[in-house]
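Below is one structure, written out as structure tokens; the observations come after it.
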2 protein chains.
Amino acid sequence: MPKNLSSRRRFIKTTALAAAGAPFFGGLVTKTFAAEPGRKLGFALVGLGNLSTGQLAPALQKTANCRLAAIVTGTPAKAEKWKAQYGIPDKNIYNYDTMERMADNPDIDVVYVVTPNALHAEHTIKAARAGKHVLCEKPMEVSTAQCQAMIDACKKAGRQLAIGYRCQFEPHHLECARLAREKVFGDLRMMEAGFGFAIGDPNQWRLNHALAGGGPLMDVGIYALQAARFVTGEEPILVSAVETKTDPVKFKDVEESITWEMKFPSGLLARCSTTYKFPGLNNFTVYADKGSFGMNPAFSYLGNRGFRSDGKELRFDAVNQFAVEMDNFAQCILNNRPTKVPGEEGLRDVRIMMAIYQAARTGKSVKLG
Amino acid sequence: MPKNLSSRRRFIKTTALAAAGAPFFGGLVTKTFAAEPGRKLGFALVGLGNLSTGQLAPALQKTANCRLAAIVTGTPAKAEKWKAQYGIPDKNIYNYDTMERMADNPDIDVVYVVTPNALHAEHTIKAARAGKHVLCEKPMEVSTAQCQAMIDACKKAGRQLAIGYRCQFEPHHLECARLAREKVFGDLRMMEAGFGFAIGDPNQWRLNHALAGGGPLMDVGIYALQAARFVTGEEPILVSAVETKTDPVKFKDVEESITWEMKFPSGLLARCSTTYKFPGLNNFTVYADKGSFGMNPAFSYLGNRGFRSDGKELRFDAVNQFAVEMDNFAQCILNNRPTKVPGEEGLRDVRIMMAIYQAARTGKSVKLG
């Protein structure tokens, strides 16, 4: 192993430890679980679509502090299948009408909301009222008002709320954030980021505005937005945007592709894009005074790669980002520490995405701040 | 040599031959030189700065149909040096006040204008009035009115006017245009392009708005704009832009960095950027339905490289882009064919750049077309 790779690995560990020692400055948590070393928190997965089936349930098997304890689904056939596959007892199987009964189920510590975007608030608030901590998939919701309601509900319940920003637990992203914030290549000047894919089934909820709240921007463009904010550590103060639609039948309800620009307080500019129309957009580059660095691919579950203009290696072994994300949230709960991806972080992205839509719609740049 | 590389090389040759046979549909040319096989056209270089010294004069030595016949300079010491180095007779050495006397100098067929941007019209018009063909460096001028005056002067004189778009003669660019226009990867959907550098001497004319007409957009951003137009074969119908300035002393007169978006009639979006502040921005990527391709670096004199998402090679031997550009113009003149980079092409870029500046200034997208 090259010496610099080793030292970078040490950095990642150090960062994780430093984060572990950070004081809780987030929402007020009045009632928490006592830290019990080795305890595994019970997770309830709400919504058994592709992400839960293909990623989250398998990832839960790889965690240190989590276990799949319960499911919430509106499809009895799915319940039967999961019950058999994961040995989930009947009492831990809920549907969307019964999930509030979780309140008297001590097997469940955390509810992971994996339903369509426009249902996140409903399911998060139900979980909070049942006294559960909530991990909610991105985008947090389809409006800032819904996001705020989720934050308020969890705060009122004295429970933590985290948003599923898996890339904030991915080692290449962490290393890029270190290179940026330690100014290893000097002051940051510009960033490019894009994430998109060619969407298949025209009948899926992602293409339904009422359920999705938007198109690729809400679904995957948010990764480019997150990367720009997370890597630079800055918040945009101005956005402009242009969208396009070549297939108004398939994309009658949501945007097809959108490209947007952001200006940050330091003067840094970012140009980002996303699409449901074509493959290949999956990377970011950060330009600084003394060179550049980034990732390509940047936002995949596996196979991400980093690069640096000085030719030094930017490579880490793959991690299961969902397992790390869930373990991190469990450890925050067990140790009464705040998550680094709280509801407020999700709200910020939704606010910016609404500004991007406004800029694209009006042809006028939108100030944020 | 791999078979596909060989076939691509054949394509480039075929393309060049096809271009050679294209009918003259450009400006009216009433008086032309008869084609004399093997004849070398005499070039006068106007402005002996870095480009003339480091690139154009050496490139002229490598051309088949051009020769360095004359110089125009306001600096007597430069005249002495060039006279000695290139064996230029005294009668072929001019300054900016005497260059109109070229009219009675049969050694000069083409005047290559390499002065600061805001002097291009003056020197082009003087050359045209002296009966010379004109090759003018990019950007064509600092306003569309000046561009039009140049076109009109050359048309009136019955002489050709070409703009120094060297990348239109670079084999990787030509191959990318072929991949785009033949839809080898299907319909084009999005393009990213950027070119910039960290500028040195704060006292150079490039930072003086009166001489440059703008900053990096006019100087090198134009390559990203050209790439988007040349590769796709489309003209933008909408632009939006955001600029930034972190050093208002050095960049008191021109923009420091600017990023802009363009929408094209097919629905294709392009996001582009340029800078005088940081290094490394020198690439483009084209995303299409079945994959992507592009160049990185894209706009260098040497060392450009292409890439394709299907892993096939996109690589050609380096050419001297200036030598090919000048030979092409000479052949156009000798054979009474129109250049593929006429004044109208330069005017289009200036018109779009003015719209980009307007969009950045007003925060409102600008419609074109």
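Kindly provide the set of residues from region B:297-309 that are assigned to a loop (DSSP other than H, G, I, E, B) and surrounded by 14 or more Cβ atoms within 10 Å (Cβ to Cβ), ordered by number. Please lay out each step first, then the result.
The initial filter retains those residues of region B:297-309 that are assigned to a loop (DSSP other than H, G, I, E, B), namely B:297-305, B:309.
B:Pro297, B:Ala298, B:Phe299, B:Ser300, B:Tyr301, B:Asn304, B:Arg305, B:Ser309 - these are the residues of region B:297-309 that are assigned to a loop (DSSP other than H, G, I, E, B) and surrounded by 14 or more Cβ atoms within 10 Å (Cβ to Cβ).
Taking the stated definitions as given, is B:Ala177 within 13 Å of chain A (Cβ to nearest Cβ), within 30 Å of B:Asn50 (Cβ to Cβ) and at pLDDT 95 or above? Reasoning before the result, please.
Working: within 13 Å of chain A (Cβ to nearest Cβ): no; within 30 Å of B:Asn50 (Cβ to Cβ): yes; at pLDDT 95 or above: yes.
Answer is no for this residue.
Any residue at all in region A:179-193 that is closer than 21 Å to A:Ile222 by Cα and touching a Pro at 6+ places or on another chain (Cβ under 9 Å)?
There is no residue in region A:179-193 that is closer than 21 Å to A:Ile222 by Cα and touching a Pro at 6+ places or on another chain (Cβ under 9 Å).
From B:Asp201, B:Asp219, which residue is acidic (Asp, Glu), closer than 29 Å to A:Val286 by Cβ, more than 14 Å from every other protein chain (Cβ to nearest Cβ) and assigned to a helix (DSSP H, G or I)?
Details: B:Asp201 fails: assigned to a helix (DSSP H, G or I).
Of B:Asp201, B:Asp219, the one residue that is acidic (Asp, Glu), closer than 29 Å to A:Val286 by Cβ, more than 14 Å from every other protein chain (Cβ to nearest Cβ) and assigned to a helix (DSSP H, G or I) is B:Asp219.
Kindly establish whether A:Lys263 is of a type in the set (D, E, K, R) and touching a Phe, Trp or Tyr at 6+ places or on another chain (Cβ under 8 Å).
Working: of a type in the set (D, E, K, R): yes; touching a Phe, Trp or Tyr at 6+ places or on another chain (Cβ under 8 Å): no.
No.
Looking only at region B:331-369, filter to residues that are among the acidic types (Asp, Glu) and within 20 Å of B:Pro216 (Cα to Cα); which one of those is farthest from the other protein chains (Cβ to nearest Cβ)? Break it down into steps so the answer makes sense when it comes.
Residues of region B:331-369 among the acidic types (Asp, Glu): B:344-345, B:349.
Filter once more, so that each one left must be within 20 Å of B:Pro216 (Cα to Cα): B:345, B:349.
Working: B:Glu345: 24, B:Asp349: 19 Å.
So, considering only residues that are among the acidic types (Asp, Glu) and within 20 Å of B:Pro216 (Cα to Cα), the one farthest from the other protein chains (Cβ to nearest Cβ) is B:Glu345.
Here are some residues: A:Thr124, A:Thr144. Which one is surrounded by fewer than 24 Cβ atoms within 10 Å (Cβ to Cβ), under 27 Å from A:Pro216 (Cβ atoms) and more than 14 Å from chain B (Cβ to nearest Cβ)? Talk me through it step by step, then tell me what you get.
Numbers: A:Thr124 fails: surrounded by fewer than 24 Cβ atoms within 10 Å (Cβ to Cβ).
Of the residues listed, the single one that is surrounded by fewer than 24 Cβ atoms within 10 Å (Cβ to Cβ), under 27 Å from A:Pro216 (Cβ atoms) and more than 14 Å from chain B (Cβ to nearest Cβ) is A:Thr144.
Report, by residue number, each residue of region A:96-121 that is out of contact with any Asp or Glu (no Cβ under 9 Å at 6 or more places or on another chain) and surrounded by 21 or more Cβ atoms within 10 Å (Cβ to Cβ).
A:Met99, A:Met102, A:Ile108, A:Asp109, A:Val110, A:Val111
Against the condition surrounded by fewer than 24 Cβ atoms within 10 Å (Cβ to Cβ), assigned by TED's automatic domain parsing to the domain that holds A:Asn95 and either over 17 Å from A:Leu217 (Cβ atoms) or aromatic (Phe, Trp, Tyr) (or both), how does A:Ala130 come out, does it pass? Quick ask: steps written out before the conclusion?
Working: surrounded by fewer than 24 Cβ atoms within 10 Å (Cβ to Cβ): yes; assigned by TED's automatic domain parsing to the domain that holds A:Asn95: yes; either over 17 Å from A:Leu217 (Cβ atoms) or aromatic (Phe, Trp, Tyr) (or both): yes.
When the stated conditions are applied, A:Ala130 passes them.
Each row is one residue, and each column tells you yes or no for (1) in contact with a strand residue (DSSP E or B) (Cβ under 7 Å, 6 or more places away or on another chain); (2) more than 8 Å from chain A (Cβ to nearest Cβ).
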{"residue": "B:Glu235", "(1), (2)": "no, yes"}
{"residue": "B:Leu238", "(1), (2)": "yes, no"}
{"residue": "B:Ala241", "(1), (2)": "yes, no"}
{"residue": "B:Thr246", "(1), (2)": "no, no"}
{"residue": "B:Phe251", "(1), (2)": "no, yes"}
{"residue": "B:Thr259", "(1), (2)": "yes, no"}
{"residue": "B:Lys263", "(1), (2)": "yes, no"}
{"residue": "B:Thr274", "(1), (2)": "yes, yes"}
{"residue": "B:Asn282", "(1), (2)": "yes, yes"}
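Which is within 14 Å of chain A (Cβ to nearest Cβ) and acidic (Asp, Glu), of B:Asp152, B:Asp187? Give the steps one after another, and end with the answer.
On the way: B:Asp152 fails: within 14 Å of chain A (Cβ to nearest Cβ).
None of the other options fit; the residue is B:Asp187.
For region A:189-246, enumerate the residues that are surrounded by fewer than 23 Cβ atoms within 10 Å (Cβ to Cβ), of a type in the set (Gly, Ala, Ser) and farther than 28 Å from A:Ser266 by Cα.
If the condition is that a residue be surrounded by fewer than 23 Cβ atoms within 10 Å (Cβ to Cβ), of a type in the set (Gly, Ala, Ser) and farther than 28 Å from A:Ser266 by Cα, then A:Ala198, A:Gly200, A:Ala210, A:Ala212 are the ones that fit.
With A:Ser240, A:Ser266 as the choices, which residue is more than 14 Å from B:Met190 (Cβ to Cβ), assigned to a strand (DSSP E or B), touching a residue at least 24 places away in the same chain (Cβ under 8 Å) and in the same structural domain as A:Ile199 (by TED's automatic domain parsing)?
Values: A:Ser266 fails: assigned to a strand (DSSP E or B).
When all the criteria are applied, what remains is A:Ser240.
Do we find that A:Lys312 is more than 10 Å from every other protein chain (Cβ to nearest Cβ), assigned to a loop (DSSP other than H, G, I, E, B) and either touching a helix residue (DSSP H, G or I) at 6+ places or on another chain (Cβ under 8 Å) or buried (at least 17 other Cβ atoms within 10 Å of the Cβ) (or both) in this structure? Spell out how you get there, then give the answer.
On the way: more than 10 Å from every other protein chain (Cβ to nearest Cβ): yes; assigned to a loop (DSSP other than H, G, I, E, B): yes; either touching a helix residue (DSSP H, G or I) at 6+ places or on another chain (Cβ under 8 Å) or buried (at least 17 other Cβ atoms within 10 Å of the Cβ) (or both): yes.
When the stated conditions are applied, A:Lys312 passes them.
The values are calculated or read from the model by the stated rules, or taken from the named source; none is laboratory data. All values derive from a computational prediction rather than experimental measurement. A quick note on method: Cβ atoms are made from the backbone with ideal geometry, for glycine too, and the neighbour counts reach across all protein chains shown.
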